[in-house]
Amino acid sequence: MRYLSLLFIVLVSVAVFQGCNEDSELPANPYDQVDYETPPTPVDTLNPISLAAIHRDILHPRCAVPGCHDGTFEPDYRTPQSSYSTLVYAPIIKNNADSTFDFRVVPYNRDMSVLYERITNCCFANQNDRMPQDNIGVPLEDALVQRISGWIMDGARDMMGTVGTYPNQAPNIGFYLAIDQLGVNFTIFSGTENRVDQVFYNPFIMAANTNMVIGIDVQDDSTAVSQLQFNKLRMSYDPDDFSPSAPGYREYTTTFFSSPFGPEQFWIANVNTSQFQPGNVVYMRYYVSDGDATTEMPRDEMPLQYKTYWSFYITP
C-alpha cells in the first residue's frame, strides 16, 4: 500500500510538469499588440533671448554657483525675478577706470550695460576679471554671449515682456557746509572742532548777530543739480516742527552756486543769527524736488543725532 501511494504522487507530479512546459497553450496577452512608439523630443517653446531662457540656460547654471551670484552678493541670479531686479537699471558698485557705466543693464544699449562688458572684456577693472572669472569658471561661449546681447538689445524685458523704465528717484541730500563767506579764503563753522563738546553730531556753535553761508549738497539721478526745484531751507527751535507756526520758524529760498575753482555745486542760503534768540538750538531742514518727487533732510523718523547734526547753537 505504501508503494502504491508513492507511485500516485510521482504520476501526479509528472502530469503537472507536463502541463507547464512550452507546449502548453497560454491565454493571449492583451498588451502584446500595443505599439510603444519612441516619445517625441520635447519642443523648447521659450524664446532664447527671453529672460526665462537666459536665466535657465546661463545665469542660473553658470553664475548662481556657490559663493558667487547665489544671493551672497548682487547681482542675485537665484531666480528670474531677482536677476531682473538686480540687473536692469541697477546701479553698479564697481566701475572701470574711466567710470564709463552707471547701470548693470540699460535696455536697448549693450555698450552701456556693464553686464555685457563684464562677460566680454578680459580686464574690466583688474587683470583677468572677465565673468565668469577665468580663475573661477569658464568664460561664456560666444553663442551664450550673443543671447545675452540679444536680450539687452531687445529691451532687457522682464518675465512679462515689459521693458523697464528709467528710474526717477527722489533727489539725494548729501551734506551741508556752514561757512563765513564764499570765495577761496573762508572759515568753516560746521566742522567738528566747532561743535558742542567737539562731537561731530552735536550743534555747531555760532555767535549772535553773525552772517554765515549755508551750502547744501544735492544730487539727482535724472535732473541736473541746477534744474532742481523748490529748494527751501527751513529753521525752527523744534527738531520735528517746521511749520510756519513753529517757534523760531524761518524759511530761506536757496540759490544755485557753482564754484569757479572746482566741480563743487551747492544750493546756498545767507543767514544772519540775529534772527534767533541767543541760548537756543536752531534746527535746520532742507527741502528739494526734481519735479516728480520731493525729499527732505533730516526726516521726522530719523534718530535725534541726525537732527542735532543739522543744527547750530547761538551763544548768549
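Output the residues belonging to the range 135-156 that are more than 29 Å from residue 66 (Cβ to Cβ) and either in contact (Cβ under 8 Å) with a residue 60 or more places away in the chain or touching a strand residue (DSSP E or B) at 6+ places or on another chain (Cβ under 9 Å) (or both).
Within the range 135-156, 153, 154 qualify.
When the residues of the range 204-258 are narrowed to those that are farther than 23 Å from residue 303 by Cα and in contact with a Gly (Cβ under 8 Å, 6 or more places away or on another chain), which ends up surrounded by the fewest Cβ atoms within 10 Å (Cβ to Cβ)?
By that ranking, first place goes to 229.
Quickly run through the range 81-134 and pick out the residues that are hydroxyl-bearing (Ser, Thr, Tyr), touching a residue at least 24 places away in the same chain (Cβ under 8 Å) and under 15 Å from residue 69 (Cβ atoms).
Of everything in the range 81-134, those that are hydroxyl-bearing (Ser, Thr, Tyr), touching a residue at least 24 places away in the same chain (Cβ under 8 Å) and under 15 Å from residue 69 (Cβ atoms) turn out to be 83, 84.
For a quick check of your reading: which strands (runs of 3 or more DSSP E) sit entirely within the range 226-280 and have at least 1 residues that are of a type in the set (A, V, I, L, M, F, W, C)?
229-236, 255-258, 265-272
Could you tell me which of the residues 274, 236, 222 is in contact (Cβ under 8 Å) with a residue 12 or more places away in the chain and within 28 Å of residue 167 (Cβ to Cβ)?
Just a single option satisfies the conditions, and that option is 222.
Would you be able to say whether some residue in the range 121-130 is modelled with pLDDT of 90 or more and buried (at least 16 other Cβ atoms within 10 Å of the Cβ)?
No, every residue in the range 121-130 fails to be modelled with pLDDT of 90 or more and buried (at least 16 other Cβ atoms within 10 Å of the Cβ).
For residue 44, all conditions in the list (1) in a helix (DSSP H, G or I); (2) without any contact (Cβ under 8 Å) to a residue 24 or more places away in the chain; (3) exposed (fewer than 14 other Cβ atoms within 10 Å of the Cβ) hold save one; what is the number of the exception?
For residue 44, the exception is condition (1).
Quick check on this structure: which one of 143, 156 is of a type in the set (Gly, Ala, Ser), within 17 Å of residue 50 (Cα to Cα) and in contact with a Leu (Cβ under 8 Å, 6 or more places away or on another chain)?
The unique qualifying residue is 156.
How many residues does the range 143-166 contain that are among the aliphatic types (A, V, I, L, M) and crowded, with 19+ Cβ neighbours inside 10 Å?
Summing the residues that are among the aliphatic types (A, V, I, L, M) and crowded, with 19+ Cβ neighbours inside 10 Å in the range 143-166 gives 3.
Those residues that are among the aromatic types (Phe, Trp, Tyr) and in contact with a Lys or Arg (Cβ under 6 Å, 6 or more places away or on another chain), I need them from the range 91-117; list them, please. Outline the logic, then answer.
Quick first cut of the range 91-117, residues among the aromatic types (Phe, Trp, Tyr) only: 101, 103, 108, 116.
Scanning the range 91-117 gives a single hit, 116.
For the range 72-99, give me the residue count where each residue is assigned to a loop (DSSP other than H, G, I, E, B) and surrounded by 13 or more Cβ atoms within 10 Å (Cβ to Cβ). Walk me through how you get there before you give the answer.
Taking the range 72-99 and keeping what is assigned to a loop (DSSP other than H, G, I, E, B), we get 72-79, 86-87, 89-90, 92-99.
Applying the additional criterion that residues be surrounded by 13 or more Cβ atoms within 10 Å (Cβ to Cβ) yields 74-79, 86-87, 89-90, 92, 95-96.
Of the residues in the range 72-99, 13 are assigned to a loop (DSSP other than H, G, I, E, B) and surrounded by 13 or more Cβ atoms within 10 Å (Cβ to Cβ).
Every residue, every condition in (1) small (Gly, Ala, Ser); (2) modelled with pLDDT under 90; (3) farther than 30 Å from residue 222 by Cβ, yes or no:
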site: 58; (1), (2), (3): no, no, yes
site: 73; (1), (2), (3): no, yes, no
site: 84; (1), (2), (3): no, no, no
site: 91; (1), (2), (3): no, yes, no
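The values are calculated or read from the model by the stated rules, or taken from the named source; none is laboratory data. If you're wondering where the values come from, they're calculated on a predicted model, not measured in any experiment. Don't worry about glycine lacking a Cβ; one is built from the backbone with ideal geometry, like all the others, and counts go over all protein chains shown.
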